[in-house]
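One structure below.
The values are calculated or read from the model by the stated rules, or taken from the named source; none is laboratory data. This structure is a prediction, so every number in the text was calculated from the model and none was measured. Note that each Cβ is placed from the backbone with ideal geometry, even for glycine, and that neighbours are counted across all protein chains shown.
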Amino acid sequence: MSIFKRIPKTPDEKARLRSDRYLLLIAGVLMGFAYPPVPFPLTAFFALVPLFIVLERREKLIDLNRAAYMFGFVTGVVSLYWVGAYTVAKDPFLMIGGGLMLFANPIFFLIPVTLYYGVVRSGYLKREHALWLLPPFWAAYEYFYMNIDVNFPWITISNALPDFQVWYKFSDVVGALGMTMMVIWFNICVYRLWKVWRSEKKTDRLALRLLNVIVLIPLFYGIITTDDKPAEETLKVGLIQPNLDPYEKWSGGPLDQILDKYLTMSNRAVKEGAKVVIWPETALPVYLMSGQYTDIVERIHKYADTNKVAILTGMPHMKLFQPGEPYPEGSKKFPDSELRYATYNSVLLFSPGDPVVQRYGKHKLVPFGERTPYVDQIPFLGDMLKWGVGISSWNVGEGSQVITVKTTTSKGEREVKIGALVCFESVFPYYAAEFTNKGAEFFAVVTNDSWYGNTSGPYQHKEFSNLRALENHRAVVRAANGGISCLIDHTGRTVKTTRMYEEAVLTVDVPLHKRDTIFLRTASVIPYAVYAVSLLAILGWIAAVVKERFHKKGK
């Protein structure tokens, strides 16, 4: 049975199905419009109302899932059109893979709706009461989706909220999942107010009270806790935006010329007092530390030593494993050799006076774009699914590791801990929190958002960093190849920024913070709680089915 097709039997069914489709189309468009850079963020707070109307009309699980899929698909087309959009020189596989993702992503919207159906089916709650459990079910789906191989949690509901900085400040208490649930509960309150007024011409007082709580408590918290005072300690950082064509760079351009450009641009930041200079993701398209590019490595070390500046850069990295040495899953073998190797989309730190290069390997990889999902279990997929520039087979990094740089801040010389996030990783709120819990005093996002042209993608990606700043009470700097490079302070405010597709050097004073938030101390509480609620729903559903079958046998 297809979830896309249903043949109505009567004129009333046809009219109802047509009405449902219009409602789902409206819901998806409104939800899609809630994400940046479209200037309609308020739609997130009532976009789900048409979806709820349809969910309460439908009885069968397959019909509920059809509704969830259509809603998710329309939302994705409106907000994520750019993943499959054509741009000049775009790799065909990347474009096709993005288009397929638009069809695959909505499948995960079936999870919360199926759990909702389970509660209704169990009979423990009436349908109208079961709807109040949809927020934890939705949060459970989002967290699950963040932690599987095919993850692309770009349009989680909390990611629609960067324009509500004061209200979203409450995320440093409840985290991104808590904010997702609050938005859905807000939608439920609006739905209940509309439904009760329409049927009974009176106000649903419980929904109205909850609506006030959802709005006022986070707003009041945000107002009284937002700290606008200048930071007691800052670090001067230079952000380099070279605006190199990513396709041309990976086609094998002259390395010396590319490095010359980075060093020349870095000179401008050094002259403005930068103590740390940050280059973007995969700044040089080679495995720099493989032993084949010692002259390039020496030039970077010499520059850092001469100018007394640390260079933090995105860079491909290869790690070799001798015969008998433990190696990670997914490592590869050299032909006619027992030597193994693993490749990473990494961040490297060159510190003045220190020959040791610190390394961090990207842990959250873009499905298909950087790594084929489940390639370790199904190896031949890796050969089948590669895109033109040849970066679709990175290995998974070891996880959150802060980078420590000895430098000079506004208060003097000391070690500063940096949470380095590579591109896509800045979309993951709970992964970012791991760096803060390990002592990171600010985030450095190195990225290349030029693959998709001047579409919504780069602007959405930048705005998600504003949310990470609010959740962690940490500043975020972004060094992007073609934009957007910027400084975001700990209140989520963009202090200084570049434009897309310009060559630019941004020298900024980055506020340093060490303060914990409630969210950081309790980051795992809400994920475990929503999983527990979901598990209870499943067990209740199973119990109801078993009871029903025993009852039938008894007859």
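Per-residue answers, yes or no, for (1) under 28 Å from residue 445 (Cα atoms); (2) charged (D, E, K, R); (3) in contact with a Phe, Trp or Tyr (Cβ under 8 Å, 6 or more places away or on another chain):
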position	(1), (2), (3)
180	yes, no, yes
190	no, no, yes
200	no, yes, no
203	no, no, yes
210	no, no, yes
217	no, no, yes
225	yes, no, no
250	yes, no, no
Per-region count, segment 494-509, residues closer than 15 Å to residue 447 by Cα and under 22 Å from the mean Cα position of the chain (by Cα): 4
Residue within segment 284-294 that is under 26 Å from the mean Cα position of the chain (by Cα) and surrounded by 15 or more Cβ atoms within 10 Å (Cβ to Cβ) present: yes
Selected residue (only one of 49, 74, 83 is under 25 Å from residue 456 (Cα atoms) and at pLDDT 95 or above): 74
Which listed residue, of 213, 237, is modelled with pLDDT of 95 or more, of a type outside the set (Lys, Arg) and surrounded by 19 or more Cβ atoms within 10 Å (Cβ to Cβ): 237
From the options 279, 185, residue that is modelled with pLDDT of 95 or more and farther than 30 Å from residue 292 by Cα: 185
Residues satisfying the stated conditions in segment 10-47, i.e. closer than 19 Å to residue 191 by Cβ and not in a helix (DSSP H, G or I): 34, 46, 47
Top-ranked residue in segment 513-533 [being over 23 Å from the mean Cα position of the chain (by Cα) and modelled with pLDDT of 95 or more; ranked as surrounded by the fewest Cβ atoms within 10 Å (Cβ to Cβ)]: 532
Residue 485 in contact (Cβ under 8 Å) with a residue 60 or more places away in the chain, within 30 Å of residue 247 (Cα to Cα) and in contact with a Lys or Arg (Cβ under 6 Å, 6 or more places away or on another chain): yes
Selection within segment 352-369 - over 18 Å from the mean Cα position of the chain (by Cα) and crowded, with 23+ Cβ neighbours inside 10 Å: 360
Residue match in segment 166-182 (condition: surrounded by fewer than 19 Cβ atoms within 10 Å (Cβ to Cβ), among the aliphatic types (A, V, I, L, M) and either closer than 25 Å to residue 56 by Cα or assigned by the TED database to the domain that holds residue 365 (or both)): no
